[in-house]
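Report on the structure given below.
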Amino acid sequence: MSKATLGIIISLVSVVVMAGGVWGGQRLIESRGPSVWKWLAVVLIVGSAIAGLLIPVPRLPIVNESVRNLFFHVPMWFGMIMVMFVSIVYSMQYLRRPSARLDILAHEAAKTGILLGVLGLATGSLWARYTWGAWWTPDPRLNAAAVALLIYGAYLVLRGSFRDDQQRARVSAIYNIFAFAAAIPLLFILPRISGNSLHPGQTGNPGFNKYDLDSTMRPVFYAAVIGWILFSFWLTQVSSRLTLLQHQHDDQ
Amino acid sequence: MKTVFAALGLSFGLAASAGAQPAKHVVLISIDGFRPDFYREAKWPTPNLQRMAARGTSADGVRGVFPSVTYPSHTTLVTGVAPAQHGIYYNSPFEPDGATGRWYWEESLIKTPTLWDAVRQAGGKTASVSWPVTAGAPIDYNVPEVWSLDKALDRLTPVRQQTTPKGLFEEIEQRATGPLTARDMSSDYVSGDENGSRIAAYLLETYKPTLLTLHVFGVDHAEHQDGRDGEHVRRALATADWVVGNLVEALAKAGIDKETAVIVTGDHGFVDITTTLAPNVWLAQAGLYGAEKGAWKAQFHTSGAAAFLMLKDAKDKKTLADVRRLLAAAPAEQQKLFRVVERAELDRIGADPHAALALAPVLGRGHERRPRRGPHAARPRRHPRLFPRQRPDSDWVYWLRPRLCRRQSAGPDGPARCGSHYGPVAGPAVQPLPEPAARASGAVTAAAPPHHWPCAARGPRAAQLRWGQIAVPPRRARVVSLRPETNLLPVPLLREISTLLAKDFRLEWRQRAALGGLLLYVGSTVFVCFLSFSLRGGQPPAPAWNALFWVILLFAAINAVAKGFMQESPGQRLYYYTLVGPQAIILAKMLYNALLLLGVGLLALFLYTIFLGNPIQDLALFVANLVLGALGFATTLTLVSGIAAKAGGNGATLMAVLGFPVMIPMLLLLIKVSKNALDGLDRGVSQQAIITLLALNVIVAAVSYLLFPFLWRG
């Protein structure tokens, strides 16, 4: 199988996984009552944290023990991307059929994404300090992450500048979709074409596949990814439920 | 019964002759069934209106709402939004269990703020006489148009009871009109309008309200009876003309004529009919609609000449499909009578959101013309811009009636309506109407499908007022002929875009100071850079030259594009909204901004070359990149400026906050390519970045195109 075919297959699979994840995420966020998945999130995150600190890891030059950050830093970004996608889909649904509920869900999902993004940035910065020797480097991938956070910061500022609820909901949904469509895809493409990134996963750099080759790391990493994604949905559910209740309380 | 909304907007600023100062008072008179020929053609008995049209501002038509009947139209006049938003979808609401005969009387049914609300908020006083949908309205001096379902009650008693404040009606009788009976306020006699005018004149002189609204109903009633022309029509029209003259005189007597804008408008026109169509007969024949209460799956709610399909269960796709089949199965000569207006189009024109689809009457070309005869021989010639009714030789030859039923009079202006909702559902679906005299009592309306509204101008007069900018209308009316959005063919869209583009250029030229400011901004920035670098002696290094150039352009772009949406008032935006589709607006705006930014970019390059030298080695690539940059900045910032304009307040700051993150990737690519051009690298090196830029422009433009209608709708 040629490399190109493999690339296409991988892209297709990831699109399907993404769509499924968003669909499932929405179901989970809107679900009610105690659920197995929350216990699963707790078990996976705590388990992956403990295991991540204890299991033997391959000794790589420069990276050394810091490779364990893989179990924290990368899953946080996965969680962020997933919950951002959920936010976009809620915004689209809002435009199709406006309701305060969908607006709250989109907003809270975006806020969860911002939280995970900040965490991801912090863990990444820490990692960079000990491997590259600097807290921040002008690396395309890092810049892309910063831009993504700026966009969502702008989203929050925009929301703050409306007095009318419906107006705020509609316009911020529009900006959410627009900013996503305009900037996010490029953030994936830009590091690839600029071609001089230190960040793993870029051209000329080994992706984490290399570390992953170690079969002891792989299950822990996957568990952490699923755990953090579930955690992001859980957080969104709790915060949106709280906001909904506040709205109901205000209405009375 | 009413139809083509605002057969005309004839507006007359008394103060206009004194100059363009804002008016302190507004008198809004709607003449039900008004048509432009009434003031365009000297043969009509309208000396006041013709004089006003000659001295003030007038138009040959305005865009209406669907259905174009009195209550939705009047509500649109005072809210500036379509029926879908204000909630007055028809004259009488759809009542699934049978029409009781009630109309949309109560102001509380209007879901959006009205002119009266706006005036009250601004601290002004309002008055209203016989305006539709005003029962219980927050109007300071209100004589509403309302009647009772109780047949024992005469038509005046409910009006007397619901006039506010208490005692006002008695005060009017005592000091203005003398004691009034139901006959004195009836549309059967021209004195009904005369008394309405006396009441309005009394309110104007005594209370000097900021806004007075008056509904003149006699002409409509006469046209329902006689057709487009006739002895009764002329008498009613002469009275309507006197009504307007009387109010203008009252303004002079009150001493406020110099500071008052008088607006005379209509709510719909008239067209003659020869055939009627009863689509519910089809439904009954197919078993979808029964005579018993609740025994129906689908039924048409008729309003004017249009019929709206109501499904008992809105999600009942099967019944909808059945109805579509029935409509498609109708004989060809019946199919020619109507056009199916789909939900998407209903959404676009702001009609009742509950209807599954609607039927609109279609021009009856190819039908036999009836010989002119009798009192109808002297009919006005067909006015191509309007949808007048009641002419046997007209293009508009059909109306839709709910079903065969006994007729009974209802409504303030008494067209025959179907009173017994569950009357027998039988008989042929299509019936020729007998002779003109009998036809005259038919509720004949021409609900024009939107793409048949050929002309629009001066439409949102009411809308502009709604935003509190009570201004005397401009002296010169420009009639812009634009076809509203309907089909996917790009040609009307292109025409709209070119018109809007011309408008933007003209606006820019009129506001030369703003353009000059922008150019000066670019010039002075470049000069400051020059001075800063000359301190260090000489030219900046190429990377700095490049980065500075793009930073200057970025900020100039924010300033230039920010003007676009933000300098237009909400009223103006609403005005464009009534004329063209949102897609045309966003495309035209993007195109305009791209051209503007390209001009600014080239100017910046020129100045830059003069002051800071020109190290570019591949000029062609650099300019091509500049074009891409102008396009990219324009596509991105146009929607962002629309968003920022919605937020109001600190628009320019918000624009930078919203726009910069989105533009950073684009800016990085642009800087990279222009650096390549500066260094004269092989073009192949820049190829990938250029393709990405192009793709990005396309994506951003497409997303803006899709999202803008949502933004615009608010």
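Pull up the range A:162-172, narrow it to residues that are within 9 Å of chain B (Cβ to nearest Cβ) and surrounded by 14 or more Cβ atoms within 10 Å (Cβ to Cβ), then point me to the one that is nearest to residue A:117 (Cα to Cα). The residue in question is A:172.
Checked against the criterion of being more than 21 Å from residue A:21 (Cβ to Cβ) and away from chain B (no Cβ under 14 Å), the range A:113-120 contains one or more residues that satisfy it.
The residues on offer are B:327, B:283, B:288, and the sole one that is more than 30 Å from residue B:81 (Cα to Cα), crowded, with 24+ Cβ neighbours inside 10 Å and out of contact with any Gly (no Cβ under 9 Å at 6 or more places or on another chain) is B:283.
Here's the yes/no breakdown for (1) modelled with pLDDT of 85 or more; (2) outside any loop (DSSP other than H, G, I, E, B):
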| residue | (1), (2) |
| --- | --- |
| B:322 | yes, yes |
| B:327 | yes, yes |
| B:352 | yes, no |
| B:367 | no, no |
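Among the residues making up the range B:240-293, those that are outside any helix (DSSP H, G or I), closer than 26 Å to residue B:215 by Cβ and not small (Gly, Ala, Ser) are B:256, B:260, B:262, B:263, B:264, B:265, B:267, B:268, B:270, B:271, B:272, B:273.
Of all residues in the range A:136-161, those that are within 8 Å of chain B (Cβ to nearest Cβ) have Cβ atoms under 6 Å from Cβ atoms of residues that are among the polar types (S, T, N, Q), 6 or more apart or on another chain, in A:158/A:172.
When residue B:627 is tested against (1) part of a helix (DSSP H, G or I); (2) surrounded by fewer than 24 Cβ atoms within 10 Å (Cβ to Cβ); (3) touching a Phe, Trp or Tyr at 6+ places or on another chain (Cβ under 9 Å), only condition (3) is not met. When we screen B:344, B:314 for residues that are part of a helix (DSSP H, G or I), among the small types (Gly, Ala, Ser) and within 21 Å of residue B:84 (Cβ to Cβ), the only hit is B:344.
Of the residues B:615, B:582, the single one that is within 14 Å of chain A (Cβ to nearest Cβ), surrounded by fewer than 23 Cβ atoms within 10 Å (Cβ to Cβ) and not charged (D, E, K, R) is B:582. Entry remark, the range B:86-106: residues being of a type in the set (A, V, I, L, M, F, W, C) and within 21 Å of residue B:289 (Cβ to Cβ) number 2 in total. The number of residues in the range B:134-171 that are buried (at least 19 other Cβ atoms within 10 Å of the Cβ), of a type in the set (A, V, I, L, M, F, W, C) and either in a loop (DSSP other than H, G, I, E, B) or free of Cβ contacts under 8 Å to residues at least 12 places away in the same chain (or both) comes to 4. Considering A:83, A:57, A:42, A:89, the condition of being open to solvent by less than 80 Å² (accessible area, probe 1.4 Å) and modelled with pLDDT under 85 is satisfied by A:57 alone. Would you check if residue B:62 is among the aliphatic types (A, V, I, L, M) and in contact with a Ser or Thr (Cβ under 7 Å, 6 or more places away or on another chain)? Against the criterion (among the aliphatic types (A, V, I, L, M) and in contact with a Ser or Thr (Cβ under 7 Å, 6 or more places away or on another chain)), residue B:62 does not qualify. Only residues that are under 17 Å from residue B:304 (Cβ atoms) and under 22 Å from the mean Cα position of the chain (by Cα) were counted across the range B:87-116, and they come to 7.
When the residues of the range B:678-714 are filtered to those that are more than 30 Å from residue B:585 (Cα to Cα) and in contact (Cβ under 8 Å) with a residue 40 or more places away in the chain, which remaining residue is nearest to the other protein chains (Cβ to nearest Cβ)? Out of the qualifying residues, it is B:686. Answer yes or no as to whether residue A:102 is within 14 Å of chain B (Cβ to nearest Cβ), at pLDDT 85 or above, buried (at least 20 other Cβ atoms within 10 Å of the Cβ) and closer than 17 Å to residue A:27 by Cβ. Judged against the criteria, residue A:102 is a match.
The values are calculated or read from the model by the stated rules, or taken from the named source; none is laboratory data. What you see is a predicted model; the values in this text were computed from it and never measured. When we count neighbours, we look across all protein chains shown, and the Cβ atoms used for this are built from the backbone with ideal geometry, even at glycine. Ligands, DNA and RNA are excluded from the accessible area calculation, which covers all protein heavy atoms including side chains. Shrake-Rupley method; radii C 1.70, N 1.55, O 1.52, S 1.80 Å.
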